[in-house]
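What follows is one structure encoded as structure tokens, with my remarks underneath.
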Amino acid sequence: MLAVAFPAWHIKLPFVNPQQVSEEVSQYAAHPHFELPALPYSYEALEPHVDAQTMRIHHDRHHRAYVDNLNKAILPAPEWHHSSLDHLMTNISKVPENIRTAVRNNGGGHWNHSFFWKIMTPQAGGSPSGRLREALMAHWETMERFQEAFAKAALSVFGSGWAWLIADNSGRLSITTTPNQDNPLMDIVAERGKPVLGVDVWEHAYYLKHQNRRADYLKDWWNVINWQQAMANYG
Ligand SMILES: [Fe+2]
């Protein structure tokens, strides 16, 4: 079929009916789209490396608050009500300005934590293989050097944020950090890429067990990495 391109001035904008918008808003408030995912293991499953109380508060309170606040934040913007979380992240700059900061912080919090639970597992151990291993070795030569570089980046985050291992379109790996709940999918961050690994360095992720010792938390964290998931993320 022949596609005919019309100049943009031929496109009619849809009529926005305020009553319809308010119905959509109240429907969304009753049945919000974004939901807290269940942890893929029990609260105590990552002991002794990540303690049960931290997992419980982190998932049930912090992550839940991000989900609830994201649902509240997008309430006045029906065009985003049924967006996928990935789409929301990769198009964050297009979210209406009056709700963008709340969607960025809480949508980012929801995406980041959903990713984080899956990158840890009680069946951890071993090391990556296949394409991910090759890409890691191509950049850092040994796993020890990669882990050192990753921990250094995670320690360099001032205040709250995340450290990430990301891949570009050609599969080349790099390490980056984001402040607050930003992530490398967002179309507003300095360095974008596909997240392969990510670690939460907000104090709420480690304070109960490690107090202010972020380096000790990071040392423990390597013991619960789900390399199978990291390999799947890398593709
Ligand atoms: Fe967190």
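In this Cβ point-charge picture (+1 for Lys and Arg, -1 for Asp and Glu), the stretch 50-235 has a dipole of about 120 debye about its Cα centre.
Distance between the C-alpha centres of the stretch 160-235 and the stretch 50-101: 18 Å, rounded to the whole angstrom.
Divide the volume of the convex hull around the Cα atoms of the stretch 83-155 by the residue count and you get 150 Å³ per residue.
Ignoring aspartates and glutamates fewer than eight residues from K209 along the same chain, the ones with Cα atoms less than 20 angstrom from its Cα are E44, E47, D51, D60, D200, D220. Counting every C-alpha pair in the stretch 50-235, the share spaced more than 24 angstrom apart comes to 38%. Taking a ≥ b ≥ c as the square roots of the Cα gyration tensor eigenvalues, with a/c under 1.5 meaning rounded and otherwise prolate when a/b beats b/c, else oblate, which class fits the stretch 163-235? Oblate. Look at the alpha carbon pairs under 8 Å that are at least 6 residues apart: their mean separation over the length of the chain gives a relative contact order of 21 percent.
Just so you know, all these numbers are worked out from the coordinates, no wet-lab data involved. Here the structure is a predicted model, which is why all the values come from computation and not from measurement. Don't worry about glycine lacking a Cβ; one is built from the backbone with ideal geometry, like all the others, and counts go over all protein chains shown.
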